[in-house]
Amino acid sequence: MTKTQTIGLIELTTQRQANNGTQCFHDPITGCDYLTYESGYVRRKFNSRYFLGYQLNKTRIVPITWTRGDGTIRHSTKVERILEMDLDRRIDIIVRATANYRKYLKK
């Protein structure tokens, strides 16, 4: 029995998703889908046609520098997603996010 089966997630991966390296799990308790992509992204998707969902990957703040048209140099920061290339770690993110979201909905 896998981790996802232990917490009650149902795999709904289509053949097209499987060919692309994507896996889809449905949580019947919350009605959400959790997707893990071969590119390293992990997302929670609500059952809505128009909403893609939340990214569940961790983030980091990265400094950026650019030059304006008048030659002045500007400094700022941006938020960047940390991609998780290991499938087992992406599954762990899904399991943890599922448990946390279920607790949140019970409040």
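Each reported figure results from applying straightforward, stated rules to the coordinates on display, with no laboratory input. Note that the coordinates shown come from a computational prediction; the quantities given were computed from them, not determined experimentally. For neighbour counting, all protein chains shown are included, and Cβ atoms are generated from backbone atoms with ideal geometry for every residue, glycine included.
In a Gaussian network model over the chain where Cα atoms closer than 10 Å are linked, find which of THR59, THR22, THR77 has the largest mean-square fluctuation.
Sorting by GNM fluctuation, first place goes to THR77.
Sum -39500 (n - 2.57) across every DSSP H segment of at least 4 residues in the chain, then divide by the residue count to get the 222 nm mean residue ellipticity, nearest 500. Don't skip to the answer; put the middle values down first.
Numbers: 3 runs with 30 residues, N = 107.
-8000 deg cm²/dmol, from helical runs alone.
When the chain is treated as a GNM, springs tying every alpha-carbon pair under 10 Å, which of ILE29, ILE93, ILE73 comes out with the largest mean-square fluctuation?
Highest fluctuation among the options: ILE73.
Per residue of region 8-14, what does 6.51 cos²θ - 1.76 cosθ + 1.60 with θ = phi - 60° give for ³J(HN,Hα)? Whole Hz please, x for Gly and Pro, Karplus curve as stated.
Taking θ as phi minus 60°, the curve returns x, 7, 10, 7, 10, 5, 7 Hz for region 8-14.
Treat each spin label as a single point 7 Å out from the Cα along the C-beta direction, and report the SER39 to GLU11 distance in nm.
Roughly 2.3 nm, to one decimal.
At what distance in nm do the modelled label points of LEU83 and ILE61 sit from each other, each positioned 7 Å from its Cα along Cα→Cβ?
2.4 nm
Specify the residue with the greatest mean-square fluctuation among THR14, THR30, THR65, computed from a Gaussian network of the chain linking alpha-carbon atoms under 10 Å apart.
In this elastic network of the chain, the residue with the biggest mean-square fluctuation among THR14, THR30, THR65 is THR65.
Nothing charged except the Cβ atoms of Lys and Arg (+1) and of Asp and Glu (-1): what's the magnitude of the dipole of region 6-96 about its Cα centre? Round to the nearest 20 debye.
For region 6-96, the charge dipole is close to 400 debye.
Given charges of +1 on the Cβ of Lys and Arg and -1 on the Cβ of Asp and Glu, with all other atoms neutral, how large is the dipole of region 7-59 about its Cα centre, in debye to the nearest 20?
Numbers: 6 positive and 4 negative charges, 41 e Å.
Roughly 200 debye for region 7-59.
Which angle from 0 to 90°, rounded to the nearest 10, does the C-alpha axis of helix 87-106 make with the longest principal axis of the chain?
80 degrees
With contacts defined as alpha carbon pairs under 8 Å and 6 or more residues apart, what's the relative contact order of the chain in percent? Numbers along the way, then the final one.
Values: 161 pairs, mean separation 21.0, N = 107.
Rounded, it is 20 percent for the chain.
Find, to one decimal place in angstroms, the Kirkwood hydrodynamic radius of the chain, where the mean of 1/r is taken over every pair of different Cα atoms and then inverted. Let's see the in-between values first.
Numbers: mean 1/r = 0.0638 Å⁻¹.
One decimal place: 15.7 Å for the Kirkwood radius.
How large is ³J(HN,Hα) for each residue in region 31-44, as worked out from phi by the Karplus curve 6.51 cos²θ - 1.76 cosθ + 1.60 (θ = phi - 60°), to whole Hz, x for Gly and Pro?
Coupling constants for region 31-44: x, 9, 10, 10, 10, 10, 10, 4, 6, x, 7, 10, 9, 10 Hz.
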